[in-house]
Amino acid sequence: MGVQLANGQTYYAKRIVSNATRWDTFENLLPAEQMPAREKKWQKRYQKSPSFLSLHLGVRSEVLSPKTECHHILLEDWAKMEEPYGTIFVSIPTWLDPSLAPEGHHIVHAFTPSWMEDWQNLSPTAYEQQKEAKASEIIRRLEKIFPGLEAGLDYQEIGTPRTHRRFLGRKDGTYGPIPQRKLLGLLGMPFNRTAISGLYCVGDSTFPGQGLNAVAFSGFACSHRIAVDLGL
Ligand SMILES: Cc1cc2nc3c(=O)[nH]c(=O)nc-3n(C[C@H](O)[C@H](O)[C@H](O)COP(=O)(O)OP(=O)(O)OC[C@H]3O[C@@H](n4cnc5c(N)ncnc54)[C@H](O)[C@@H]3O)c2cc1C
């Protein structure tokens, strides 16, 4: 029936939509002990996917061959494809829009799956050291596709699962929900209505799942659902 903001202000509405994940909605925004059975079932079927370790690098242009591409995936060992740090994804946005970086430089965004557990219970010094160590390891691996990367580094920002949790507001920094076991396609994801009358969910823990196109679709579908439910 309503939403109370952190400053205590309360808004009432005929319909409430939560864009927070289902974990946030049913464990934090609503009392966890009142979680509807349908949500408990969902939590048994889906788990949080890992987060990422992200490097945003500023590199001198000569590091990149004129024949390079905007996107790369580096996987040295197929057996490690799904392991933390196994696969490295790379995007070079300045390859398409050079105005994003100072002249003579490119931005290389490299990210790889990483779990929150690896980054918890560390002192500030140990956390910084681990960030530096993991970043150096990734840069060393990337040398295979970008020889001279380390020598050409001009700037470096390292983001961990804790960064994702803090700045994206994501529980455990997760990328989103993934099935606990093989499910029959995307249809296992819940639609916008919830077991609580008048409460709807949108975003990446509703059908069709993660990704910008998918969450935009879920917002569109939710507005349509509400319009129909209101008899509009
Ligand atoms: C590194 C990375 C790369 C990605 N690359 C791509 C890509 O190339 N293409 C693509 O399509 N997708 C990509 N994605 C996925 C895409 O970004 C997400 O699927 C999408 O942004 C999820 O949108 P959402 O609105 O469901 O959730 P979010 O964007 O997470 O929005 C939920 C919001 O709810 C807020 N919230 C949580 N709890 C509360 C509370 N109690 N009160 C108030 N607010 C709260 C959070 O702070 C957050 O802002 C990427 C994601 C990551 C992390």
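Only the coordinates and a few stated rules stand behind these numbers; no lab work does. None of these values were measured; they are calculated from a predicted model. Note that we place each Cβ from the backbone using ideal geometry, even for glycine, and neighbour counts take in every protein chain shown.
At q = 0.14, 0.15 Å⁻¹, what log₁₀ I(q)/I(0) does a Debye calculation on the Cα points of the chain give, no solvent, two decimals? Debye output, listed in q order: -1.01, -1.08. For the stretch 51-168, the relative contact order is 41 percent, taking Cα pairs closer than 8 Å that sit 6 or more residues apart in sequence and dividing their mean separation by the residue count. Basic side chains Lys and Arg get +1 at the Cβ, acidic Asp and Glu get -1 at the Cβ, and with that the dipole of the chain about its Cα centre reaches some 1260 debye. One equal scatterer on each Cα of the stretch 51-168, no solvent, Debye formula: the resulting log10 I(q)/I(0) at q = 0.15, 0.21, 0.24 Å⁻¹ is -0.68, -1.22, -1.44. Helix 212-229 axis versus longest C-alpha principal axis of the chain: approximately 10°, rounded to the nearest ten.
Descending by average beta-carbon neighbour count within 10 Å, the peptides 199-205, 171-177, 64-70 line up as 199-205, 171-177, 64-70, the highest first.
Farthest towards the positive end of the charge dipole of the chain, among the residues Cys70, Ser91, Leu186, is the Cα of Leu186, using unit charges on the Cβ of Lys, Arg, Asp and Glu. Between His72 and Ala133, the modelled labels are 2.5 nm apart [label points 7 Å from Cα along Cα→Cβ].
Dividing the helix sum by the residues of the chain, where each DSSP H run of 4 or more adds -39500 (n - 2.57), gives a mean residue ellipticity at 222 nm of -7500 deg cm²/dmol.
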